[in-house]
Amino acid sequence: MSLLATAVASPVVICLWAAVLFVAGMVDYILESDLGGLRYRIFAAVPVCFGIVTVVMTLVIGETIDRRMRQKCAKRPPPVAPHAQVKTKFQYPAVKVAQISWDPETNSITPDTKLPGWVFNTKLVAKPDQLIKRRGKAGLLALNKTWDEAKEWIAQRAGKPQKVESITGTLNNFIVEPFLPHPSNTEYYVCITSAREGDSILFTHEGGVDIGDVDAKALVLNLPVTQPFPTREAIANTLLKHVPAEKKDTLVDFLIRLYSVYVDLHFAYLEINPLVVLDGVNGGEPQVCYLDMAAKLDQTAESICGPKWAIARDLSVYESNEDAATKTAASKGGKVSADRGPPMVWPAPFGRDLTKEEAYIQKLDASTGASLKLTVLNPEGRIWTMVAGGGASVVYSDAIAAHGYADELANYGEYSGAPSEGQTYEYAKTIIDLITRGTPNPKGKVLIIGGGIANFTNVASTFKGIIRALKEFKNQLIAHQVKIFVRRGGPNYQEGLKAMRLLGESLGVPIRVFDEEEQRWCRRPQVCATRDASCPSRTRR
């Protein structure tokens with residue numbers, strides 16, 4: 001199927017396959033034909049040669065298209081506005097960073113063979129690469145270390161619980177970068193934020209660990225969506241009042257390029273602290289270096305920016321900063337596709353590692369255009385939800401909490417965007433497996449399969465997946481005294497609800513089914529866990 005999809009989607013591939021099949025067919029015909037004769041075979045070889053030339057030309061054309069697509073994805077983002085051009089001979093900072101990961105299965109960190117060569121002959125900075133702020137104040141910063149020293153520092157902390165302020169979590173990702181000695185007066189701070197009205201650039205001439213209250217110190221340049229991008233003079237006069245004159249043009253160029261990248265790659269937040277601007281050497285331009293950065297990407301833009309984001313995750317990009325003598329096995333060489341590097345991972349907040357089930361649903365979500373989300377709040381909770389729609393999932397959770405049963409709410413999540421029967425089955429199976437683990441609660445449990453009125457999701461199809469999962473866990477559901485409440489509307493909802501009612505007659509698990517005309521089935525979901533399945537506590541419009 002994947003080969004067929006590729007052939008249908010690409011005229012170049014269609015042409016290639018046609019030429020290959022033509023050549024194969026002609027060769028087979030020549031060999032099998034009983035006409036014989038050298039003259040005949042020479043004459044028959046003409047179309048074969050033509051087919052071979054076509055194959056070669058198709059491969060050349062395909063390679064040319066591939067190269068141009070990669071160049072298009074790899075080129076620098078365009079200026080955010082026609083007049084937002086670089087004025088100085090701005091030197092783009094070289095990217096040198098290596099990620100070190102801890103593998104819980106082997107209890108080891110990334111081996112040396114997978115690291116770029118400069119790591120072994122450069123003084124380094126090592127730090128956790130997770131959603132942690134103020135790492136320096138938390139003692140999570142190793143400065144001016146050799147690789148052996150940095151490796152030992154990382155090994156002592158990898159996989160270990162670490163308390164940062166009031167939160168304790170596990171450190172499993174680190175980065176190492178070249179150590180850059182610099183005077184403190186060369187440190188700056190820059191931050192770009194987004195709001196409904198537009199973006200804002202915050203800048204202060206004092207950066208570093210002890211920056212203090214940024215909101216009180218920073219100069220702010222607002223960029224409303226309804227107004228054009230400001231001129232160089234406006235940027236310098238607003239943000240760079242306290243910057244030495246010889247560095248202003250360079251910093252203006254940097255801010256223009258930084259904001260262009262911010263817009264093109266769909267960032268939602270970007271902070272660099274410290275941003276170091278060193279004096280120019282021998283009359284050259286000042287050198288810009290960013291030593292630490294925190295950023296947020298708009299996950300919904302992955303379909304637009306996926307290939308561009310992938311460039312930053314490709315080790316060969318970093319390896320390109322080395323000479324041939326220092327390149328290591330990490331450099332893949334050869335041609336590179338537009339989607340390269342490891343898949344994009346959206347990490348959980350520090351202190352809350354993804355469970356195995358959450359990670360599985362996240363992976364499933366990334367592989368489909370539908371939306372599949374799961375967060376386990378309380379594995380011992382008695383009220384579980386399987387809700388269709390992001391808005392509906394919030395309403396259901398709020399209603400349960402509003403009635404005083406937040407401590408019994410076991411999970412939060414949603415499925416929407418027309419997932420297939422198979423995807424819904426995997427989602428439902430994961431949740432039901434969580435419900436039926438451990439020792440049964442004598443009070444029983446509740447599973448709410450609900451949602452709003454769907455616009456285009458096929459209710460009957462998604463319910464088929466849920467029914468498959470319920471049948472698979474029949475005995476476990478009975479053992480845990482699970483009561484199921486179903487409410488749904490939308491395309492083919494009558495068929496889906498009918499299937500649920502029929503399932504209730506044979507599954508051996510109490511199932512109450514309600515259609516879109518019924519406002520809600522129970523004022524108190526916790527009560528349903530202890531009442532008989534014929535609980536009449538419901539109202540109609």
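The values are calculated or read from the model by the stated rules, or taken from the named source; none is laboratory data. Only a predicted model underlies this, so the values are computations on that prediction, with no experimental measurement involved. No Cβ is skipped: glycine too gets one built from the backbone with ideal geometry, and neighbour counts run over all protein chains shown. Note: areas computed on protein heavy atoms with side chains; ligands, DNA, RNA excluded. Shrake-Rupley method; radii C 1.70, N 1.55, O 1.52, S 1.80 Å.
With the requirement that a residue be open to solvent by less than 40 Å² (accessible area, probe 1.4 Å) and either without any contact (Cβ under 8 Å) to a residue 24 or more places away in the chain or among the hydroxyl-bearing types (Ser, Thr, Tyr) (or both), what does region 465-496 give you? Matches in region 465-496: 493 only.
Checking the structure you have, find out if any residue of region 206-222 is in a loop (DSSP other than H, G, I, E, B) and of a type in the set (S, T, N, Q).
no
Reported count of residues in region 369-385, each being open to solvent by 30 Å² or more (accessible area, probe 1.4 Å) and either of a type in the set (Val, Ile, Thr) or in contact with a Gly (Cβ under 6 Å, 6 or more places away or on another chain) (or both), is 2. Taking region 199-220 as the range and being more than 17 Å from residue 248 (Cβ to Cβ), open to solvent by 50 Å² or more (accessible area, probe 1.4 Å) and modelled with pLDDT under 90 as the test, the residues that pass are 209, 210, 212, 213, 215, 216, 217. Residues in region 450-464 include at least one that is closer than 17 Å to residue 410 by Cβ and open to solvent by less than 60 Å² (accessible area, probe 1.4 Å).
Do the conditions hold for residue 113, that is, is it surrounded by fewer than 16 Cβ atoms within 10 Å (Cβ to Cβ) and outside any loop (DSSP other than H, G, I, E, B)? Before you say what the answer is, go through the steps one by one.
Values: surrounded by fewer than 16 Cβ atoms within 10 Å (Cβ to Cβ): yes; outside any loop (DSSP other than H, G, I, E, B): yes.
Yes.
Inspect all residues belonging to region 436-453 and state whether any of them is in contact with a strand residue (DSSP E or B) (Cβ under 6 Å, 6 or more places away or on another chain) and basic (Lys, Arg). Yes: region 436-453 contains one or more residues that are in contact with a strand residue (DSSP E or B) (Cβ under 6 Å, 6 or more places away or on another chain) and basic (Lys, Arg).
For every residue, the table says whether it meets (1) free of Cβ contacts under 8 Å to residues at least 24 places away in the same chain; (2) in contact with a Lys or Arg (Cβ under 6 Å, 6 or more places away or on another chain); (3) farther than 13 Å from residue 465 by Cα; (4) not in a loop (DSSP other than H, G, I, E, B).
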site: 387; (1), (2), (3), (4): no, no, yes, yes
site: 392; (1), (2), (3), (4): no, no, yes, yes
site: 396; (1), (2), (3), (4): no, no, yes, yes
site: 401; (1), (2), (3), (4): yes, no, yes, yes
site: 412; (1), (2), (3), (4): no, no, yes, yes
site: 422; (1), (2), (3), (4): no, no, no, yes
site: 427; (1), (2), (3), (4): no, no, no, yes
site: 430; (1), (2), (3), (4): no, no, no, yes
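A count restricted to region 254-274 and to residues that are at pLDDT 90 or above and either polar (S, T, N, Q) or under 20 Å from residue 182 (Cβ atoms) (or both) stands at 6. When residues of region 433-449 are filtered for being buried (at least 22 other Cβ atoms within 10 Å of the Cβ) and not in a strand (DSSP E or B), how many remain? Counting residues in region 433-449 that are buried (at least 22 other Cβ atoms within 10 Å of the Cβ) and not in a strand (DSSP E or B) gives 1.
One line per residue, one yes/no per condition, for (1) open to solvent by less than 40 Å² (accessible area, probe 1.4 Å); (2) not in a loop (DSSP other than H, G, I, E, B):
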{"position": "248", "(1), (2)": "no, yes"}
{"position": "253", "(1), (2)": "yes, yes"}
{"position": "274", "(1), (2)": "yes, yes"}
{"position": "280", "(1), (2)": "yes, no"}
{"position": "300", "(1), (2)": "no, yes"}
{"position": "311", "(1), (2)": "yes, yes"}
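Can you tell me which residue among 126, 138, 158, 81 is touching a residue at least 60 places away in the same chain (Cβ under 8 Å) and small (Gly, Ala, Ser)? None of the others qualify; the one that does is 81. Here residue 223 passes the criteria (1) under 23 Å from residue 304 (Cβ atoms); (2) open to solvent by 20 Å² or more (accessible area, probe 1.4 Å) except the one numbered (2).
Of all positions in region 308-316, none carries a residue that is at pLDDT 85 or above and not polar (S, T, N, Q).
Matching residues to (1) of a type in the set (Asp, Glu); (2) at pLDDT below 85; (3) in a helix (DSSP H, G or I):
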| residue | (1), (2), (3) |
| --- | --- |
| 471 | no, no, yes |
| 477 | no, no, yes |
| 486 | no, no, no |
| 502 | no, no, yes |
| 513 | no, no, no |
| 519 | no, yes, no |
| 523 | no, yes, no |
| 526 | no, yes, yes |
| 531 | no, yes, no |
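Collect the residues in region 432-463 that are over 23 Å from residue 492 (Cβ atoms) and without any contact (Cβ under 8 Å) to a residue 40 or more places away in the chain, keeping them in residue-number order.
At the first step, the residues of region 432-463 found to be over 23 Å from residue 492 (Cβ atoms) are 433-446.
Of everything in region 432-463, those that are over 23 Å from residue 492 (Cβ atoms) and without any contact (Cβ under 8 Å) to a residue 40 or more places away in the chain turn out to be 439, 442.
Against the definition (modelled with pLDDT under 55 and of a type outside the set (Lys, Arg)), how does residue 336 come out, yes or no?
For residue 336, the condition - modelled with pLDDT under 55 and of a type outside the set (Lys, Arg) - is met.
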